[in-house]
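Undergrad: First, the structure itself, so that you have it in front of you.
Every number in this text was worked out from the coordinates using simple rules, so none of it is lab data. The structure presented is a predicted model; accordingly, all values stated were derived computationally and were not measured. Positions of Cβ are backbone-derived with ideal geometry, glycine not excepted, and every protein chain shown enters the neighbour counts.
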Amino acid sequence: MVINDENVPRVLIIGNSYEVLNKKLGEKIDKFDIVVRIGKYNIEGFEEYIGSKTDIISTIYWKIRDIHRDKKIILVNHYDLDDNTQMIPINNLNLKNVIHTHTRNDDIEITDFFKNNLSHSINLCDNNFSLGFRTIFLVLKLFPDFKTYIHGFDFFKSGYYFNPDHNRNFGNKHPYIYERICVKKLVSKKKIYELS
Amino acid sequence: MQFIEISNENGDILYRGTNVRSDDTSYIFEDILTDSEIVVPKEDVYCVSNLTYSGYQNTLKYLTLIKNDDQLTQGEKKHLFKLQRVYKQYTDLKCLKLLNLGKYTILDDVPIKVLQKSLARLIGVELKKATTTLDKLISAENDETVILEINSTKSDLENNVKDFLEAPCFPKTIEGILQKWPTLLNPSPFQQILTM
């Protein structure tokens, strides 16, 4: 394991926002101990901006068919899938590299995490946290001894760097604006760090 | 084993299902229909519990995501058709209520211009709610960095909504009205109905 100047291993989560194209941080990114990428990330042609090192992929179960299965995987179940069922993700997918499967307990914990770090007064009824926000929560939980960095998270102020039109003006259940502020508070409290 | 039932106000059971594997998606294999046709009048739909419709939704997901049409048995096709009919009735009524168009009973009856006007009004209401929440967060915040982020988020949100209402992508069809929504104003209240 590569240890940085502070003798603390570092994990970096790279989101897919368009803002990653503002800086060429590829070399810096590839020096992290662990690099986590999200969903259907795309490296090819973007290496000088986002690097190429990929240790873990965090993804929703129904996108698992489209990603590299030789990588370690954090599997985020759909919020309303029964934990014991696992009907959709597991069968015939050969998922031997899953290091964590999102559980009901994670749902409870992430809600507390959100409320404790932002506000208890925001009504979260029927909301479903986005994959990016869930990944930040899960990485903090799974790698407590690491210094956690993030890059490429604007919570859909823009689209994806490889598809600027992605998720533009479609309805879903993700509370993006509150996730964005919550993450800024985590940065402000030095629980996570922004890559610069 | 779990039971689900849909009943009308008189207590007559319209649909009954059992779930022997403790997951919603197995209803399809164990259900017992009491009628050859399910017709749920407007007033009866409100008697259906959310849990029951969550079961319906999961069944639909299972059938439409995992199986192709040619893989469905005749029994599954029959049930899928019935589920879709009941589900459409239910969601139409909920959406019409949300749009303040309670005098209609199905979305297809509403002129598109009326729908667009109602959608714009609803977006205005939801934007007001969100900006009020953001203002409350600012009032409760001491950290200048976070306050800046909230103000920036608020500005992004208002611009997103303005662009959405003025853009050519403003929905012109019923499907568009249910699916399109300003990205940063998510969670969409329609999605909360459609994915209940």
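Undergrad: At 0.36 nm per residue, minus the direct Cα-Cα distance, what do A:Leu124 and A:Ser196 gain on full extension? Give it in nm, one decimal, please.
TA: Numbers: separation 72, 0.36 × 72 = 25.92 nm, distance 3.17 nm.
22.7 nm is the gain from fully extending A:Leu124 to A:Ser196.
Undergrad: Would you list A:His174, A:His100 from fewest to most Cβ contacts within 10 Å? Please list the in-between numbers first.
TA: Details: A:His174 24, A:His100 17.
Placing the least packed residue first, the sequence is A:His100, A:His174.
Undergrad: Semi-axes, largest first, in whole Å: what does sqrt of 5 times each Cα gyration tensor eigenvalue give for the stretch B:111-194?
TA: Working: eigenvalues 162, 30, 20 Å².
Rounded to whole Å, the semi-axes are 28, 12, 10.
Undergrad: Let me ask something else about it. At A:Leu142 and A:Asn163, where each label point lies 7 Å from the Cα along Cα→Cβ, what is the point-to-point distance in nanometres?
TA: So the two model labels end up 2.3 nm from each other.
Undergrad: Taking neighbour Cβ counts within 10 Å as the exposure measure, how do B:Glu126, A:Glu194, A:Glu47, B:Glu144 sort from fewest upward?
TA: Working: B:Glu126 18, A:Glu194 12, A:Glu47 15, B:Glu144 9.
So the residues, fewest neighbours to most, are B:Glu144, A:Glu194, A:Glu47, B:Glu126.
Undergrad: Would you work out the charge dipole size for the stretch B:111-194 about its Cα centre, treating the Cβ of every Lys and Arg as +1 and the Cβ of every Asp and Glu as -1, and quote it to the nearest 20 debye?
TA: That gives the stretch B:111-194 a dipole magnitude of about 660 debye.
Undergrad: Lys and Arg at +1, Asp and Glu at -1: add these up for the other residues within a Cβ distance under 15 Å of A:Phe153 and post the number.
TA: Working: positive: A:Lys23, A:Arg37, A:Arg134, A:Lys157, A:Arg180, A:Lys184, A:Lys185, A:Lys191; negative: A:Glu19, A:Asp154, A:Glu179, A:Glu194, B:Glu149, B:Asp156.
Overall, the nearby charge balance is +2.
Undergrad: Follow-up question, since we're still on this one. Just to verify a number: FRET efficiency for A:Ile99 and B:Thr105, C-beta to C-beta distance, R0 = 56 Å, to 0.05? Before the final figure, lay out the partial values.
TA: Numbers: r = 50 Å, r/R0 = 0.90.
The formula returns an efficiency of 0.65 here.
Undergrad: Considering the zone a paramagnetic label at B:Arg121 would reach in this model (a point 7 Å from Cα along the Cα-to-Cβ line), which residues of the stretch B:157-196 have amide N under 14 Å from it?
TA: Correct set: none at all.
Undergrad: What is the mean number of Cβ atoms from other protein chains located within 10 Å of the Cβ atom of each residue in peptide B:177-183, rounded to a whole number?
TA: Counting Cβ atoms of other protein chains within 10 Å of each residue's Cβ and averaging gives 5.
Undergrad: Moving to a separate point now. Anything over 20 Å Cα to Cα? Flag those among A:Lys173/B:Lys172; A:Lys23/A:Lys191; A:Lys40/A:Lys147; A:Lys147/A:Lys189; A:Lys185/B:Lys180; B:Lys129/B:Lys162, in the order listed. If you can, show how the numbers build up before the last one.
TA: Numbers: A:Lys173/B:Lys172 22 Å; A:Lys23/A:Lys191 23 Å; A:Lys40/A:Lys147 25 Å; A:Lys147/A:Lys189 13 Å; A:Lys185/B:Lys180 30 Å; B:Lys129/B:Lys162 16 Å.
Among A:Lys173/B:Lys172; A:Lys23/A:Lys191; A:Lys40/A:Lys147; A:Lys147/A:Lys189; A:Lys185/B:Lys180; B:Lys129/B:Lys162, the Cα-Cα distance tops 20 Å for A:Lys173/B:Lys172; A:Lys23/A:Lys191; A:Lys40/A:Lys147; A:Lys185/B:Lys180.
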